[in-house]
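The values are calculated or read from the model by the stated rules, or taken from the named source; none is laboratory data. Source: prediction; values computed, not measured. Positions of Cβ are generated from backbone atoms using ideal geometry, with glycine treated the same way; all protein chains shown enter the neighbour counts.
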Amino acid sequence: MDAMSHMGVARDVCAYLNNRENTQVYSVRKPGIHAAAKAEKALPIAVEVKNTDACPRYCGQSITGVKVGPSPAWMQHRLLAIGVRPINNIVDITNYVLHETGQPSTPSTPLRSKAAK
């Protein structure tokens, strides 16, 4: 299912080229991951994974001070180019990440997270 995301297609192209040329020179370079700034106070969000075989790893990130509004024009254009209608900055970033990496993400508020535990 690699062809379901931009990173997946890039991995497939590298595998094809490496195989065709009998080499291992092609690889996907992922962007660097920088440490996120720590919040001054911890947010009380609990996550419970009930089936660790089906979900061996779960990651989350708390972001505060976000206001719902329109996405930047560059993101709207990129989403439209792949057939996705821009909705707002929160929905659009989750769609952008999904199509780039193939990994779904779900934004939620602390109240929703607490109720969904």
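Miscellaneous remarks
- The C-beta contact set for the range 52-67 (first residue at negative phi, second residue of a type in the set (G, A, S) and assigned to a loop (DSSP other than H, G, I, E, B), distance under 8 angstrom, 6+ apart or interchain) comprises Q61/A36; S62/A39; T64/A39.
- Members of the range 3-19 that are over 23 Å from the mean Cα position of the chain (by Cα) and either among the polar types (S, T, N, Q) or at pLDDT below 85 (or both): N18, N19
- Within the range 9-26, residues that are without any contact (Cβ under 8 Å) to a residue 12 or more places away in the chain reach partners that are hydrophobic (A, V, I, L, M, F, W, C) and outside any helix (DSSP H, G or I) with beta carbons closer than 9 Å, at six or more positions or on different chains, in the pairs L17/V25; N18/V25.
- Boolean, L111 is at pLDDT 85 or above and either outside any loop (DSSP other than H, G, I, E, B) or of a type in the set (G, A, S) (or both): no
- Candidate set from the range 25-41 (those that are surrounded by 10 or more Cβ atoms within 10 Å (Cβ to Cβ) and not small (G, A, S)); member that is modelled with the lowest pLDDT: V28
- Selection from the range 75-93 of residues that are at pLDDT 95 or above, outside any loop (DSSP other than H, G, I, E, B) and among the aliphatic types (A, V, I, L, M): M75, L79, L80, A81
- Residues of the range 64-78 satisfying the condition of being hydrophobic (A, V, I, L, M, F, W, C) and loosely packed, with under 10 Cβ neighbours inside 10 Å: A73, W74
- Where a residue in the range 83-109 is under 22 Å from A3 (Cα atoms) and its partner, wherever it lies, is part of a helix (DSSP H, G or I) and among the hydroxyl-bearing types (S, T, Y), with Cβ under 8 Å and at least six apart: P104/T94; S105/T94; T106/T94
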